[in-house]
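Colleague: Could you have a look at this structure, given as structure tokens, before my questions?
We did not get these values from a lab; they are worked out from the coordinates using the rules stated. What you see is a predicted model, and the numbers here were worked out from it, not measured in a lab. Here the Cβ positions follow ideal geometry from the backbone for every residue, glycine too, while neighbour counts run over all protein chains shown.
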Amino acid sequence: MTLQLELLPTIVFVAIMLCWVTFAGIFLFRKKPPAAPESKRESRSLLGVALQGLSYAIVWSVRRPMFSPPFKLSRPFEITLGAITIAIAVASIWLVMTAIRTLGKEWSVTARLVEGHKLITAGPYQLVRNPIYTAMFGMLLATGLALSHWIALIAAVIVFAFGTRTRILSEEKLLRGAFGAEFESYTHRVPAVVPRLFSFKRS
């Protein structure tokens with residue numbers, strides 16, 4: 001039993017790496033619907049993409065000693081944290097897979113509208129307006145808990161928040177212009193990234 005507990009950080013690390021392979025594979029090997037002509041794009045969202053990328057670089061590069069727990073914890077708490085870390089990663093995979101399938105041809109790395117663009121409010125979009133960013137945050141958090149120094153994780157979360165805010169404001173600028181009152185009603189019903197905690201909206 002003691003040996004199994006000693007292996008817990010290693011088990012968590014391996015599980016997170018497998019989740020990352022799956023997470024990346026969802027984007028790389030997803031079934032792509034027929035491309036739709038683009039009608040409008042918001043290039044400022046690229047800054048948000050860069051900041052989100054920087055946040056991942058932080059958690060991957062500023063590491064604690066390999067296969068060690070993130071904090072000095074009692075065994076029960078260490079086991080609980082390990083289970084939570086894996087659960088966050090698995091939930092993130094499910095969320096991004098479901099969100100991309102729901103979006104179909106309207107998914108894009110940067111903010112844009114396509115011809116015949118529809119306001120998607122079904123599936124995971126009933127829970128949050130940006131479930132892909134929620135999933136990305138989940139993978140960031142799980143990765144940080146699995147291998148990063150806690151200071152690096154805090155810094156990465158802050159950078160990710162700024163990047164996500166930038167992307168959301170860019171995307172929602174287009175959606176407000178396209179859908180008006182329908183989109184405003186949606187933003188009042190459904191939070192941006194984390195259910196019932198906060199929402200990125202222009203005042």
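Colleague: Applying a 10 Å radius around every beta-carbon, put 136-145, 63-72, 94-103 in order of their mean neighbour count, most first.
Modeller: Taking the mean over residues of other Cβ atoms within 10 Å, the ranking is 136-145, 94-103, 63-72.
Colleague: Rounded if a/c is under 1.5, else prolate if a/b beats b/c, else oblate: with a ≥ b ≥ c from the C-alpha gyration tensor eigenvalues square-rooted, which is the stretch 136-178?
Modeller: In terms of gyration-tensor shape, prolate.
Colleague: Please list the non-local residues whose amide H lies under 5 Å from the amide H of Ser148, H modeled 1.01 Å from N, same-chain partners needing a gap of 5 or more.
Modeller: Placed amide hydrogens put Arg64 under 5 Å from Ser148.
Colleague: Please list, in order along the stretch 177-194, the HN-Hα scalar couplings obtained from phi with the Karplus expression 6.51 cos²θ - 1.76 cosθ + 1.60 (θ = phi - 60°), rounded to whole Hz, x for Gly and Pro.
Modeller: Result, ordered by residue: x, 7, 10, x, 4, 4, 6, 4, 5, 4, 5, 7, 8, 10, x, 6, 10, 10 Hz.
Colleague: Sum up the charges of everything whose Cβ sits under 11 Å from the Cβ of Pro70, counting Lys and Arg as +1 and Asp and Glu as -1, but leave Pro70 out.
Modeller: Once all neighbours under 11 Å are counted, the net charge is +2.
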